[in-house]
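Novice: Quick one: the structure is below, questions incoming.
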């Protein structure tokens with residue numbers, strides 16, 4: 001049985017150490033199913049929680065979110081649950097990485113202004129096929145409240161943007177899979193190869209994740 005690994009960072013003995021979890025060890029909610037290394041979500045109530053990710057936040061020194069997804073629907077089929085698919089969110093914090101209509105979208109609330117910073121990448125995963133996605137956010141070196149956003153698809157950089165005057169909201173809730181803000185944001189399809197790191201992975205590291213992902217098998 002193939003086990004997809006979830007790479008988490010945890011503070012151990014004063015240093016950072018990666019702990020790995022199979023999909024079957026996720027906390028499943030709302031009828032989510034994990035079998036053969038794949039998380040299956042129905043787009044209505046099903047989602048999962050990654051245990052031990054309370055310390056992961058979209059703050060310095062940055063963060064990386066990656067996974068392989070096989071959506072049930074193409075973008076903009078019409079019904080709300082077919083237009084929006086959430087991949088990652090943080091419990092109790094207005095952050096989500098999702099497919100929103102015709103784009104992969106990161107939505108991060110600015111704690112200073114209360115407004116949302118929305119960055120979109122138009123390289124979309126296709127329904128019924130595995131695609132490896134990665135999103136990186138990192139503070140710009142030597143610049144206060146300036147952040148770099150990067151989107152990767154199947155290990156290749158597809159979009160990057162620098163955002164100024166951004167102070168991201170943070171929180172102590174765990175990372176969620178497939179939930180977003182519930183309602184029409186729920187993900188319809190399958191997920192695996194899930195990676196969450198409270199640091200910035202390099203382009204080479206992300207290419208390595210994509211190379212061994214289900215999207216390449």
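The values are calculated or read from the model by the stated rules, or taken from the named source; none is laboratory data. Everything numeric in this text was worked out from a predicted model, so none of it was measured. In this analysis, Cβ positions are derived from the backbone assuming ideal geometry, glycine residues included, and neighbour counts consider all displayed protein chains.
Novice: Filter the range 70-109 down to residues that are out of contact with any strand residue (DSSP E or B) (no Cβ under 9 Å at 6 or more places or on another chain) and either assigned to a strand (DSSP E or B) or under 21 Å from residue 163 (Cβ atoms) (or both), then give me how many there are.
Specialist: Matching residues across the range 70-109 total 0.
Novice: Look at the range 2-35 and say how many of its residues are in contact with a helix residue (DSSP H, G or I) (Cβ under 9 Å, 6 or more places away or on another chain) and either modelled with pLDDT of 95 or more or more than 26 Å from residue 84 (Cβ to Cβ) (or both).
Specialist: Total satisfying the criteria: 5.
Novice: So is residue 201 in contact with a helix residue (DSSP H, G or I) (Cβ under 8 Å, 6 or more places away or on another chain) and within 20 Å of residue 90 (Cβ to Cβ) or not?
Specialist: Yes, satisfied.
Novice: Taking the range 204-217, which residues are in a helix (DSSP H, G or I) and either touching a strand residue (DSSP E or B) at 6+ places or on another chain (Cβ under 6 Å) or closer than 15 Å to residue 65 by Cβ (or both)?
Specialist: If the condition is that a residue be in a helix (DSSP H, G or I) and either touching a strand residue (DSSP E or B) at 6+ places or on another chain (Cβ under 6 Å) or closer than 15 Å to residue 65 by Cβ (or both), then 205, 206, 209, 210, 214, 215 are the ones that fit.
Novice: Also, quick follow-up: Tell me yes or no: at least one residue of the range 69-92 is buried (at least 16 other Cβ atoms within 10 Å of the Cβ), out of contact with any helix residue (DSSP H, G or I) (no Cβ under 8 Å at 6 or more places or on another chain), at pLDDT below 85 and over 12 Å from residue 177 (Cα atoms).
Specialist: Yes - at least one qualifying residue is present in the range 69-92.
Novice: Within the range 134-175, how many residues turn out to be free of Cβ contacts under 8 Å to residues at least 60 places away in the same chain, surrounded by fewer than 17 Cβ atoms within 10 Å (Cβ to Cβ), on the phi < 0 side of the Ramachandran plot and not in a strand (DSSP E or B)?
Specialist: Residues that pass the stated criteria total 7.
Novice: Need pairs with beta-carbon distance below 8 Å; first residue on the phi < 0 side of the Ramachandran plot and surrounded by 23 or more Cβ atoms within 10 Å (Cβ to Cβ) and within the range 176-190, second modelled with pLDDT under 95 and in a helix (DSSP H, G or I); sequence gap 6+ or separate chains.
Specialist: 179/185; 186/81
Novice: Condition first: surrounded by fewer than 18 Cβ atoms within 10 Å (Cβ to Cβ) and in contact (Cβ under 8 Å) with a residue 60 or more places away in the chain. Can you find one or more residues in the range 114-125 that meet it?
Specialist: No, because not a single residue in the range 114-125 is surrounded by fewer than 18 Cβ atoms within 10 Å (Cβ to Cβ) and in contact (Cβ under 8 Å) with a residue 60 or more places away in the chain.
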